[in-house]
Amino acid sequence: MDAELQESFVEFVDSRSSALLRTAVLLTGGDRHAAEDLLQNALIKAAGRWQRIDEPEAYVRQVLYRQQISRWRLKWRRRELTVAEPPESPFAPDAASAAEARLVLRAALSRLTARQRTVLVLLPHSRLRSSGGTPTFEDLPEADVARLLGCSVGTVRSTTHRSLARLRTLAPELAALDPDPGRAQPPSRDYSPVEVRP
């Protein structure tokens, strides 16, 4: 790599590594050390192909996602994480509760499978927000998520559905964090008998 390419690579790493690390932390279920390894490996791959990369951030993110997929395809021994019981009452909307909510979300995400976690991290915020108030991070369209994961859009949708159901089971208190509790609900249907007049 010549000096000009090396300088552009160093600039990219300096400017985008913190955002990329946040994504890697989410992909690894909150394990910062594994996230740092994941990002470092992705940056090493990018450095080797730097002169041929048109969109560096998109390339590095794709490498992150694919490496994480490769990690969960391996038969590694999984660590069991112990978490505290969820509180009896839902979180109140204050700053301390937001910190607790992040901890609960991180613990719940770490108990999902890597594929479920990846889908939740990648999907559009609006899609998941309408499905129960769970925050998302990357805001990618379903078609892009399917392409990155090497599966169909239908698989992404079904995985999202199962992931959200599991997340709601693991951390029901997260539903109380929906910032729009007055959101319009679908109209209820009244199936009571109707009197027919002749």
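The set of residues from the range 120-135 being modelled with pLDDT under 80 and surrounded by 20 or more Cβ atoms within 10 Å (Cβ to Cβ) comprises Leu123, Leu128, Thr134.
Restricted to the range 136-151, and to residues that are under 25 Å from Thr169 (Cα atoms) and open to solvent by 50 Å² or more (accessible area, probe 1.4 Å), which residue is modelled with the highest pLDDT? Only one residue fits best here, namely Asp139. Restricting attention to the range 1-17, the residues that are touching a residue at least 12 places away in the same chain (Cβ under 8 Å) and under 24 Å from the mean Cα position of the chain (by Cα) add up to 4. Candidates are the residues of the range 20-40 that are closer than 19 Å to Leu103 by Cβ, of a type in the set (D, E, K, R) and assigned to a helix (DSSP H, G or I); the one that is most open to solvent (accessible area, probe 1.4 Å) is Arg22.
From the list Arg61, Arg73, Arg52, which residue is open to solvent by 50 Å² or more (accessible area, probe 1.4 Å) and at pLDDT 75 or above?
Exactly one residue qualifies, and that residue is Arg52.
The residue pairs whose first member lies in the range 26-51 and is touching a residue at least 60 places away in the same chain (Cβ under 8 Å), whose second member is hydroxyl-bearing (Ser, Thr, Tyr), and whose beta carbons are closer than 8 Å, counting only pairs six or more residues apart or on different chains, are Leu27/Tyr65; Leu27/Thr118; Gly29/Ser110; Gly30/Ser110; Asp31/Ser110.
The values are calculated or read from the model by the stated rules, or taken from the named source; none is laboratory data. No experiment lies behind these values; they were computed from the predicted model shown. As a convention, Cβ positions derive from the backbone with ideal geometry for all residues, glycine included, and neighbour counts pool all protein chains shown. Side chains are part of the model used for accessible areas, which takes the heavy atoms of the whole protein and leaves out ligands, DNA and RNA. Shrake-Rupley method; radii C 1.70, N 1.55, O 1.52, S 1.80 Å.
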